[in-house]
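> My structure is below; once you've seen it, I'll send some questions.
Any read-out appearing in this document is the output of simple, stated calculations on the displayed coordinates, not a laboratory observation. The shown structure was predicted, so the numbers you read here are calculated from the model rather than taken from an experiment. We place every Cβ from the backbone using ideal geometry, glycine too, and count neighbours over all the protein chains shown.
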């Protein structure tokens, strides 16, 4: 049973993390469509010309555009997708496509952004959360998650993608809402650019939604820290019990912990440790800690950051 739950968790993580450039229709293999639609405030992006008006997709038609990979967006509060193709003014045979996902709010947009972050990313200053990676540029602007995908990885095409992104940020008014829970993750041993916001069923546990996570590593020790802002203390306690019971159900065993060190529930399963702690309106802890001491120390630093926080912003 332990092996089965491990397989299920891994499959869930792989399904939720995919490279947008791997499954989208690529500009080099597609024919630009001339479609009816509204004008775009970024028509004047330097060095670019629009090949078509906007194409719009709703929740009912989203999978038609992105080849069945719509669940991640729908689970995170998707509203509408608007895509449009742009070409270099100097060579209209070289073009890119911009995808603008309007989500319910800034946390929703950050969720889909963080779940698809590429490993070869290079951070950009176009927005608070933005990066470029080979033939793609990705960023969050208020409730918008934006992807710009090109069919080539060249300096001039990357320059054009940056110009298109800057034009969008300048032309689309949006107020970013700070994701305060991200500031709770301690910096020591934090793996850069690994923070995520999982909108639904974190770690494969149904009902464990809107979970902030971050990866930690120190030599051979590693773990994933998580924070769940809840509506109430009672809800945090309920989720903590469900978290621990989930691992116990699949063959995990409780590990006693000195309550004077940390009031935590710890489960050992498959040579790793699952740790859950409740502080006020927050459930937090550690997932898949390779060593108990490392996991407890990380949970302790999280508790120090959360102490004194009475509200639970999402």
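> Please report the base-10 log of the normalised intensity I(q)/I(0) for segment 114-247, using a Debye sum with one equal scatterer per alpha carbon and no solvent, at each q in 0.13, 0.14 (1/Å).
-0.70, -0.79
> Packing-wise, with mean Cβ within 10 Å as the measure, how do 259-268, 118-127, 279-288 rank, highest first?
279-288, 259-268, 118-127
> I want to check the label-to-label distance for residue 237 and residue 92. Put each point 7 Å from Cα in the C-beta direction and report it in nm to one decimal.
Taking the simple label geometry, residue 237 and residue 92 are separated by 6.8 nm.
> Right, something else. If you take the beta carbon distance between residue 120 and residue 201 as r and set R0 to 30 Å, what does 1/(1 + (r/R0)^6) give as a FRET efficiency, to the nearest 0.05?
Computed FRET efficiency for residue 120 and residue 201: 0.60.
> Oh, and also: Could you give the length gained by full extension between residue 209 and residue 74, i.e. 0.36 nm per residue of separation minus their alpha carbon distance, to one decimal place?
47.3 nm
> Turning to a different aspect of this structure: Using mean Cβ contacts within 10 Å as the protection proxy, how do 212-219, 131-138 order, highest first?
Going from most to least packed, we get 131-138, 212-219.
> When averaged across all projection directions, what area in nm² does the alpha-carbon convex hull of segment 180-314 cover?
Its average projected convex-hull area is 7.5 nm².
> When only alpha-carbon atoms count, how far does segment 74-146 stretch along each of its three principal axes, as whole angstroms with the largest first?
38, 26, 18
> Something else: Using the beta-carbon distance between residue 154 and residue 193 and R0 = 25 Å, what value does 1/(1 + (r/R0)^6) give for FRET efficiency, to the nearest 0.05?
0.55
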